[in-house]
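Just so you know, all these numbers are worked out from the coordinates, no wet-lab data involved. It should be emphasised that the depicted structure is a prediction, and the values quoted were computed from it without experimental measurement. Reconstructed Cβ throughout: ideal geometry from the backbone, glycine too, with neighbour counts over all protein chains shown.
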Amino acid sequence: MFDLGGVLAEVSGVATMRELSGIDSDDELWRRWLHCEWVRRFELGQCTPEAFGEGMVAEWQLPLTGPEFLALFGDWVQQPSGGAEELVAETAEHVTVAMLSNMNAVHWERSVATWPLVNRFDHVFMSFQLGKIKPDVEVFGHVAAVLAVEPRQILFLDDNAINVEGAVAAGFRAERVRGVAEARAAVDRALSFQSKLGR
């Protein structure tokens, strides 16, 4: 099971948010982002884009207006990384493949929903459609139930340590990977181990 942004697609917003917020560390930015109530509400499908924009500007004290922030935000996810579609297709020749992403309606409707990559997955789990979000243990339990497998049978690949921690807490095998090359290496290790077990 793959995360999207930072693993199979590049997200340009990290540098933008670091500059706007004055946060020096990517990890610290992600921790604040993933715990931000406005981010959670939007990616859970619980508020409008307009409310999200205004709320983010106010909470993060950003030097721009809500509509200006939304205009920037809409372009953060543009296309899959090179090799992403091939990796998913090749992995699907051996095991069931799924995607679990914290996703909002803006990025989904403007770009991600149109990607051929999405059709390569057996299952696609988007937070704004599920009403559940990473890193909460609840979302991982839901995914395992839908897939009808034990959590330990799922390898989850994500670029954020906090999401990996959530997956491990839910009983998943999980690795932190950044980009397609690291994801491919993790998949190759898992498939090699599976082959040695004769499964």
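Antiparallel beta bridges, as assigned by DSSP with both residues in the chain, represent about 15 percent of the total such bridges. When the Gaussian network model of the chain links Cα atoms closer than 10 Å, the mean-square fluctuations of A167, A84, A15 top out at A15. Per-residue ellipticity at 222 nm, computed for the chain from helices alone with -39500 (n - 2.57) per DSSP H run of at least four residues, works out to -15000 deg cm²/dmol.
Computed about the Cα centre, the dipole magnitude for segment 80-196 is approximately 140 debye when only Lys and Arg (+1) and Asp and Glu (-1) carry charge, each at its Cβ. Distance distribution P(r), segment 80-196, all Cα-Cα pairs, bin width 10 angstrom from 0: 13, 46, 37, 4, 0 percent.
The Cα center of segment 2-76 and the Cα center of segment 77-141 differ in position by 19 Å. Between T16 and Q129, the FRET efficiency estimated from the beta carbon spacing at R0 = 35 angstrom works out to 0.85.
Between A89 and E109, the FRET efficiency from the beta-carbon distance, with R0 = 30 Å, is close to 0.75. Computed over neighbours whose Cβ is under 10 Å from that of A161, the net charge equals -2, Lys and Arg +1, Asp and Glu -1.
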